[in-house]
């Protein structure tokens, strides 16, 4: 039986395997899961997707709002809480940064809340991504 495929892959495709006599068919779910379907990741990769120039620009924006409005930052385990002075400009800038960070670092959970006395950014990192969270907090500057 020829599949019409180019190359020298000796394994039959899924539809070819179904056409084989029972004693010649690949056995077990392991064949299908590993070679036909393949596992899908449950979570996004723990890596930033920004180019070097975009990262430099983003870090500049982050540092600017940190220098202007950051009043405190606390890190404990996989969570960081940053507090900023209230103000429409601060809220708008942080809203843009949070939206952008959700795109490039989707593995981080970022929550922005406006409170009467502060704008609060809470960052939660999955296990293994704590260093990335700490780097992001440090980018805002000393709080």
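Within the range 91-113, the only residue that satisfies the criterion of being farther than 21 Å from residue 60 by Cβ, surrounded by 14 or more Cβ atoms within 10 Å (Cβ to Cβ) and at pLDDT 95 or above is 109.
If only one of 128, 96 is within 19 Å of residue 67 (Cα to Cα), within 21 Å of the chain's Cα centre (by Cα), assigned by TED's automatic domain parsing to the domain that holds residue 60 and not in a strand (DSSP E or B), which one is it?
Numbers: 128 fails: within 19 Å of residue 67 (Cα to Cα).
Exactly one of 128, 96 is within 19 Å of residue 67 (Cα to Cα), within 21 Å of the chain's Cα centre (by Cα), assigned by TED's automatic domain parsing to the domain that holds residue 60 and not in a strand (DSSP E or B), namely 96.
Picking from residues in the range 52-90 that are buried (at least 17 other Cβ atoms within 10 Å of the Cβ) and within 10 Å of residue 141 (Cα to Cα), the one that is farthest from the chain's Cα centre (by Cα) is 70.
The values are calculated or read from the model by the stated rules, or taken from the named source; none is laboratory data. In this text, all values refer to a predicted model and were calculated from it rather than measured experimentally. Cβ sites come from the backbone with ideal geometry, for glycine too, and all protein chains shown count toward neighbours.
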